[in-house]
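Okay, structure first, notes after.
The values are calculated or read from the model by the stated rules, or taken from the named source; none is laboratory data. The structure presented is a predicted model; accordingly, all values stated were derived computationally and were not measured. Cβ atoms come from the backbone with ideal geometry, glycine included; neighbour counts cover every protein chain shown.
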Amino acid sequence: MKETLIVVAHPDLAASTVNQYWLKKLTQYDNQLTIHDLYACYPSNKIDVRFEQNLIENHHNLILQFPVYWFNCPPLLKQWLDEVFTYGWAYGRCGDKLTNKKVGLAVSAGIKKGDYTKDGRYQTSLEDILKPFELTMNYVHADYQSVFAVYGANTEPEADYKITLDEVNESAKNYICWMKKLQMLK
């Protein structure tokens, strides 16, 4: 059994600097990780629920990696959660497959970190925006971990800030350190 399943949900991974670079760095740990790209596996959005459940069951930990879209996750990840975390499997009578499984989020946000503060542009934190994930994981008795986030991953041409390649590289190193700290990677 491998340590960690990383479910990647990026609608345009080929155009993503941050998520693509993270995955490139994570391939160094192929013996411990399984990287599972939802958009590549399900271009027609028809999810193989039993396959996904088996994949989760065959890993000790789960990381959901995605860009923040409209203060939420991309639509296929939401569909995946709705269809895979079923009654009798994830929760309810005999639904214990996620009990005590470590689950974390690794997200890229297009805007600056300062915008996600009480006094910032959106007057709330990224952790608060992602609170539904924490509540979901608590509901299914998973061991919810902290959020790993990188900010400024904006690709809009008119953005007044852009993450640099040095910052992307540093974020990949920090992502790996975060996983090691949480004992999701050795």
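Before moving on, here are some points about what is shown:
- Failed condition for VAL150, given (1) crowded, with 20+ Cβ neighbours inside 10 Å; (2) in contact with a His (Cβ under 9 Å, 6 or more places away or on another chain); (3) among the β-branched types (Val, Ile, Thr): (2)
- Scanning segment 84-107 for residues that are surrounded by 17 or more Cβ atoms within 10 Å (Cβ to Cβ) and basic (Lys, Arg) returns LYS97, LYS101, LYS102.
- Filter result for GLY110 (surrounded by 14 or more Cβ atoms within 10 Å (Cβ to Cβ), touching a residue at least 12 places away in the same chain (Cβ under 8 Å) and on the phi > 0 side of the Ramachandran plot): no
- Condition check for TYR91: modelled with pLDDT under 95 and in contact with a helix residue (DSSP H, G or I) (Cβ under 9 Å, 6 or more places away or on another chain): no
- Pair list, Cβ under 6 Å, 6 or more apart: segment 143-154 residue closer than 17 Å to CYS73 by Cβ and touching a residue at least 24 places away in the same chain (Cβ under 8 Å), other residue part of a strand (DSSP E or B) and of a type in the set (Val, Ile, Thr): TYR144/VAL103; ALA149/VAL107
- Yes/no for ILE47 being assigned to a loop (DSSP other than H, G, I, E, B), within 21 Å of LYS97 (Cβ to Cβ) and modelled with pLDDT of 95 or more: yes
- Subset of segment 67-77 [part of a helix (DSSP H, G or I) and either surrounded by 15 or more Cβ atoms within 10 Å (Cβ to Cβ) or touching a helix residue (DSSP H, G or I) at 6+ places or on another chain (Cβ under 7 Å) (or both)]: LEU76, LEU77
- Matching option when the condition is surrounded by 14 or more Cβ atoms within 10 Å (Cβ to Cβ), touching a residue at least 60 places away in the same chain (Cβ under 8 Å) and not charged (D, E, K, R), among LEU55, LEU64, LEU38, LEU81: LEU64
- All conditions but one from (1) in contact with a strand residue (DSSP E or B) (Cβ under 8 Å, 6 or more places away or on another chain); (2) buried (at least 16 other Cβ atoms within 10 Å of the Cβ); (3) not β-branched (Val, Ile, Thr) apply to TYR21; the one that does not is (1).
- The one condition in (1) without any contact (Cβ under 8 Å) to a residue 40 or more places away in the chain; (2) assigned to a strand (DSSP E or B); (3) closer than 20 Å to ASN154 by Cα; (4) not charged (D, E, K, R) that ALA14 fails to fulfil: (2)
- For segment 139-186, the set of residues classified as in a strand (DSSP E or B) and at pLDDT below 90 consists of SER146 only.
- Any hit, segment 80-99, residues being under 14 Å from the mean Cα position of the chain (by Cα) and in a helix (DSSP H, G or I): yes
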